[in-house]
Amino acid sequence: MSKFKNKKNTQLPEISTASLPDIVFMLLFFFMVATVMRKDVLMVENNLPYADQVEKLDKKNLIMNIYAGKPSSRYHLGSESRIQLNDKFADVKDVQSFILEERRSKREAQRPFLITSLKVDEHTKMGLVGDIKKELRKVEALKINYTTRQGEAKNNLK
Amino acid sequence: MTRRLAPSVNAGSMADIAFLLLIFFLVSTTIETDAGISRKLPPLIEDTPDIVIRERNLFRVEINKFDELLVEDIRMDIKDLKNAAMAFLDNGGGSGEDACTYCKGNGDLKSSDNPETAIISLTNNRETSYAMYIAVQNELVAAYNELRNREARRMYGISFVDMEKNLKDVRYGGDKNILKARIKKIQSMYPEKLSEAEPKNQ
């Protein structure tokens, strides 16, 4: 008899919240894995073209980024493609000094391995890209990488 | 009978465990890296020496300002470019000193002698879109990669792309010096000779 009585009187045990931090951490891990960190704030449109014959750029500290594309609409600068270097709009002639500056900030031993990553919007005209390449050749930054998204090349032709 | 409650587990160490996990993932995750087509620009030389290149050893690829692809002045669809480039590179039409022992092409006398002399010339207009340019670059690189893969598989039983991947992999078990020499060898069999003229101004 006492058995039944006992059951009736027992309150439901409190749900333990000790595992709550774990759940939060799990979420944290998910976001950590899924996010790509970006160093520069983009001021230009940057829809990269697709390619599948790609190489990965592993050594982050050896990469110099040059962005190009139409200025974002919030800047009201028209639709002429522009270059962005280090959070600033830049001219073609600024590319040389940018490369030299970046080079100076790296250690001597790293300098020969620097790679210039061209992050160019797919709607950019080749004229601008050609100008950038010419400037890069002038300062002997010959290793370049056309950064792309993974996908078949025919995705570019729409 | 004594009342039995489920004994409460001390949750104080839970946070420590979570931190351990956090640190583990922090150390072991690599943040997604960028990828792209790597190229090497030619150095800027003031006076270029005149080198005579036979017409048949030159594969002209042009992208005009309407994003149309012209191969040897004939319009071509982008999906045919890779095969056309491969046929040109792998032709092996030379004889005697210029003969190519590993080529599997048709040996057409109007096409390239051997992969070492075969040059792909890429011209674009200032008005060409970057997307089209990358698509063409991608196809040309694919042509080289496929030929290199074929030879690497024949000689070493592993594709060229995998060899390069192994070279970058820190956990690769084999001898990296041998691997490097092999990659060099394959590269010299199909050297990437891609010449880019300055964009035409029209």
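Every residue, every condition in (1) charged (D, E, K, R); (2) closer than 19 Å to B:TYR130 by Cβ; (3) at pLDDT 75 or above, yes or no:
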| site | (1), (2), (3) |
| --- | --- |
| A:LYS8 | yes, no, no |
| A:GLN11 | no, no, yes |
| A:ILE15 | no, no, yes |
| A:LEU42 | no, yes, yes |
| A:GLU45 | yes, yes, yes |
| A:ASP58 | yes, no, yes |
| A:ILE63 | no, no, yes |
| A:TYR67 | no, yes, yes |
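Contact map, the stretch A:131-146: residues that are more than 7 Å from every other protein chain (Cβ to nearest Cβ) and part of a loop (DSSP other than H, G, I, E, B) paired with residues that are crowded, with 21+ Cβ neighbours inside 10 Å and at pLDDT 90 or above, Cβ distance under 6 Å, separation 6+ or inter-chain. Pairs shown: A:VAL139/A:ILE99; A:ALA141/A:ILE99; A:ALA141/A:THR116.
Within the stretch B:103-118, is there a residue that is outside any loop (DSSP other than H, G, I, E, B) and either modelled with pLDDT of 90 or more or surrounded by 14 or more Cβ atoms within 10 Å (Cβ to Cβ) (or both)? Can you show your working first?
Here is the first cut: in the stretch B:103-118, the ones outside any loop (DSSP other than H, G, I, E, B) are none.
There is no residue in the stretch B:103-118 that is outside any loop (DSSP other than H, G, I, E, B) and either modelled with pLDDT of 90 or more or surrounded by 14 or more Cβ atoms within 10 Å (Cβ to Cβ) (or both).
A:HIS123 meets the conditions (1) more than 19 Å from the chain's Cα centre (by Cα); (2) more than 23 Å from A:LYS56 (Cβ to Cβ); (3) not small (Gly, Ala, Ser) in every case but one. The failed one is (1).
The number of residues in the stretch A:56-80 that are of a type in the set (Gly, Ala, Ser) and on the phi < 0 side of the Ramachandran plot comes to 4. Can B:VAL141 be described as farther than 30 Å from A:LEU128 by Cβ and either hydrophobic (A, V, I, L, M, F, W, C) or part of a strand (DSSP E or B) (or both)? Answer is no for this residue. Residues in the stretch A:47-62 that are surrounded by fewer than 19 Cβ atoms within 10 Å (Cβ to Cβ) and either not acidic (Asp, Glu) or not in a loop (DSSP other than H, G, I, E, B) (or both): 8 in all. Examine the stretch A:101-110 for a residue that is in contact with a Leu (Cβ under 6 Å, 6 or more places away or on another chain) and farther than 30 Å from B:TYR144 by Cα, and state whether such a residue exists. Checking the stretch A:101-110: not a single residue is in contact with a Leu (Cβ under 6 Å, 6 or more places away or on another chain) and farther than 30 Å from B:TYR144 by Cα.
Specify which of the listed residues (A:ARG104, A:ARG82) is surrounded by fewer than 12 Cβ atoms within 10 Å (Cβ to Cβ), farther than 28 Å from B:GLU164 by Cα and charged (D, E, K, R). Before you say what the answer is, go through the steps one by one.
Details: A:ARG82 fails: surrounded by fewer than 12 Cβ atoms within 10 Å (Cβ to Cβ).
Criteria check complete, one pass: A:ARG104.
Do we have any residue at all in the stretch B:138-158 that's more than 26 Å from A:ASN155 (Cβ to Cβ), surrounded by fewer than 17 Cβ atoms within 10 Å (Cβ to Cβ) and charged (D, E, K, R)? Within the stretch B:138-158 (the criterion being more than 26 Å from A:ASN155 (Cβ to Cβ), surrounded by fewer than 17 Cβ atoms within 10 Å (Cβ to Cβ) and charged (D, E, K, R)), the answer is yes, since at least one residue qualifies.
Looking only at residues in the stretch B:73-101 that are of a type in the set (Asp, Glu) and within 19 Å of B:TYR144 (Cα to Cα), the one that is surrounded by the most Cβ atoms within 10 Å (Cβ to Cβ) is B:ASP90.
Per the listing B:VAL161, B:VAL170, B:VAL136, the residue uniquely part of a loop (DSSP other than H, G, I, E, B) and hydrophobic (A, V, I, L, M, F, W, C) is B:VAL170.
Okay, residues lined up against (1) on the phi < 0 side of the Ramachandran plot; (2) at the interface with chain B (Cβ under 9 Å from one of its Cβ atoms):
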position: A:PRO49; (1), (2): yes, yes
position: A:VAL54; (1), (2): yes, yes
position: A:ARG82; (1), (2): yes, no
position: A:ASN86; (1), (2): no, no
position: A:ARG104; (1), (2): yes, no
position: A:ARG111; (1), (2): yes, no
position: A:GLU122; (1), (2): yes, yes
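Among residues of the stretch B:112-136 that are touching a residue at least 40 places away in the same chain (Cβ under 8 Å) and at the interface with another protein chain (Cβ under 10 Å from one of its Cβ atoms), those with a Cβ under 8 angstrom from a residue that is in a helix (DSSP H, G or I) and among the aromatic types (Phe, Trp, Tyr), sequence gap 6+ or separate chain, pair up as B:ASN124/B:TYR133. Any residue that is at pLDDT 80 or above and among the β-branched types (Val, Ile, Thr) - is there at least one of those in the stretch A:21-35? No.
The values are calculated or read from the model by the stated rules, or taken from the named source; none is laboratory data. This structure is a prediction, so every number in the text was calculated from the model and none was measured. Counting neighbours? That spans all protein chains shown, and the Cβs are built from the backbone with ideal geometry, glycine included.
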